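The values are calculated or read from the model by the stated rules, or taken from the named source; none is laboratory data. As the structure is a prediction and not an experimental result, all values here were calculated from the model. All Cβ positions, glycine included, derive from the backbone under ideal geometry; neighbour counts span all protein chains shown. Surface accessibility is based on the protein's heavy atoms, side chains included, excluding ligands, DNA and RNA. Shrake-Rupley method; radii C 1.70, N 1.55, O 1.52, S 1.80 Å.
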Amino acid sequence: MDPEFEKTYQSYYQKLFRIATKMLKATEDAKDVVQDVFTAYYFAMNNEKIIRDTKNWLVRSTINKGIDYKRKTARTITMESPLTDTNESPHDESSDILNAVDLLSEKEQTLVVLYSEGYSYKEIAEITGRNYHSIGKTLSRILDKIKKHVL
């Protein structure tokens, strides 16, 4: 295996896996998404595609593939059968917060996941292509939405 690819894989796998897990709420699905990202990265490297910022490319790819996976899964669930929850879980604040995050748009969820992973506003802007100066205000609005659902 290519030593550069191996080094990149070792350096970024855990971070990408955490992002995918936060997006998808399922570790097996997250593993599949991250594996797809590294497969795409491997082929991009072998086809001599120029990737200027490996970290941002990998994170952006993880987010995009995670969103695609969620859309595909949601469509499958809707088409196959309605999802019913017969065993209601006990009420707790952390599940309320997670439910509120699930109600956000994909773009808002992406910002929340990146911020929760410790990315700076500048890094979030670079990864998402959003204006650096709007990241803080947007995150503040998102937190207000979450608070309204939790309270």
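Restricting the first member to the range 57-70 and to residues that are among the hydrophobic types (A, V, I, L, M, F, W, C), and the second to residues that are open to solvent by 10 Å² or more (accessible area, probe 1.4 Å) and at pLDDT 95 or above, the beta-carbon pairs closer than 6 Å and six or more apart or on different chains are L58/Y12. Could you grab me the full set of residues in the range 110-137 that are polar (S, T, N, Q) and open to solvent by 20 Å² or more (accessible area, probe 1.4 Å)? Scanning the range 110-137 gives S116, S120, T128, N131, S134. When the range 88-107 is filtered for residues that are in a loop (DSSP other than H, G, I, E, B), within 25 Å of K72 (Cα to Cα) and either open to solvent by less than 70 Å² (accessible area, probe 1.4 Å) or at pLDDT below 70 (or both), the ones remaining, listed by number, are L104, S105.
Can you pull out every residue in the range 25-38 that is open to solvent by less than 60 Å² (accessible area, probe 1.4 Å) and either in a helix (DSSP H, G or I) or touching a strand residue (DSSP E or B) at 6+ places or on another chain (Cβ under 7 Å) (or both)?
At the first step, the residues of the range 25-38 found to be open to solvent by less than 60 Å² (accessible area, probe 1.4 Å) are 26, 29-30, 33-34, 37-38.
Passing the criteria: D29, A30, V33, V34, V37, F38.
Looking at this structure, is Y42 more than 14 Å from the chain's Cα centre (by Cα), hydroxyl-bearing (S, T, Y) and at pLDDT below 95? Considered against the rule, which asks whether it is more than 14 Å from the chain's Cα centre (by Cα), hydroxyl-bearing (S, T, Y) and at pLDDT below 95, Y42 comes out as yes.
In this structure, L16 qualifies as modelled with pLDDT of 95 or more, closer than 28 Å to R141 by Cβ and surrounded by 15 or more Cβ atoms within 10 Å (Cβ to Cβ). Within the range 134-151, residues that are touching a residue at least 12 places away in the same chain (Cβ under 8 Å) and closer than 12 Å to V112 by Cβ have Cβ atoms under 9 Å from residues that are part of a helix (DSSP H, G or I) and open to solvent by 80 Å² or more (accessible area, probe 1.4 Å) in these pairs: I135/Y115; I135/Y121; I135/K122; T138/K107; L139/Y115; L139/Y121; I142/Y115, counting only partners at least 6 apart in sequence or on another chain. If the condition is being part of a helix (DSSP H, G or I) and open to solvent by less than 80 Å² (accessible area, probe 1.4 Å), then the range 43-57 contributes A44, M45, T54, K55, N56, W57.
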